[in-house]
Amino acid sequence: MATQMAQITSVEQLKNVSTSLDKLAEKSSTSDRLAMSMMIGKSVTVDKGRFTHQKATVSPISFDLPEAADKIKLTVLDEHGDEVTKHDLDPMGAGPNTYNWDGINASSIQSPSAIYTVRIEAENKQGAKIKINPIAKETIVGVTFEGGETNFLVGDPKNPQKVNLKNITRMEGDAQPKGIVQQNKVVETQINA
């Protein structure tokens, strides 16, 4: 009987430890989120030539066109520089653009979760090549924590682009955040335009 009581007490203690660890992880997550929201308003340099893809999800690939493009060829490369897939896109206007990649490779198979590189070749209506710089200077206008991953919303507050923390290569300057917006059940602060 004493042995059984000791076992029950031991199980209860393990359950309490597990509950305490869960609460600690939750508090840590909350403080991490608060720290990330403090980055709103900062100017950052973003490498839009790299993106993280999670298997069986759609990955938005953001890029900026300095002028309207009539022909656009988007190529996704793996970490070794090997071609994963290639797409001919419809004409797009100057400014920020996004292509949503479904993760399907050239063999019609779902690509694994990994960091990929994108190469974009574009031509205007006259057939002249358009130089696309994957490095862009942006302002963080919001933060989202979808799928347990931190992503920053950059650019136009009314139509922000989602950028992974891993794609930020440099941070500089401050701005004052204004307003709070509720999105995806996570509070986001945005800079009013």
>> Give all pairs with beta carbons closer than 6 Å in which a residue from region 68-90 that is of a type in the set (Lys, Arg) meets a residue that is open to solvent by 60 Å² or more (accessible area, probe 1.4 Å); count only pairs at least 6 apart in sequence or on separate chains.
In response: LYS73/ASP88; LYS73/GLU121
>> Suppose we keep only residues that are touching a Lys or Arg at 6+ places or on another chain (Cβ under 7 Å) and of a type in the set (S, T, N, Q) within region 113-138. Which one would you say is surrounded by the fewest Cβ atoms within 10 Å (Cβ to Cβ)?
In response: SER113
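Looking at this structure, is THR85 of a type in the set (S, T, N, Q), modelled with pLDDT of 90 or more and closer than 20 Å to ASN133 by Cβ? Give the steps one after another, and end with the answer.
Working: of a type in the set (S, T, N, Q): yes; modelled with pLDDT of 90 or more: yes; closer than 20 Å to ASN133 by Cβ: no.
No: the conditions fail for THR85.
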> So, in region 47-85, of the ones that are over 21 Å from the mean Cα position of the chain (by Cα) and in a strand (DSSP E or B), which residue ends up farthest from LYS137 (Cα to Cα)?
Replying inline: GLU83
>> Which numbered condition in (1) open to solvent by less than 50 Å² (accessible area, probe 1.4 Å); (2) at pLDDT below 95; (3) not acidic (Asp, Glu) is the only one that ASN105 fails?
In response: (2)
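The values are calculated or read from the model by the stated rules, or taken from the named source; none is laboratory data. Everything numeric in this text was worked out from a predicted model, so none of it was measured. Glycine gets a Cβ as well: all are built from the backbone with ideal geometry, and neighbour counts include every protein chain shown. Each accessible area value is taken on the protein alone, full model and side chains, heavy atoms only, with ligands, DNA and RNA left out. Shrake-Rupley method; radii C 1.70, N 1.55, O 1.52, S 1.80 Å.
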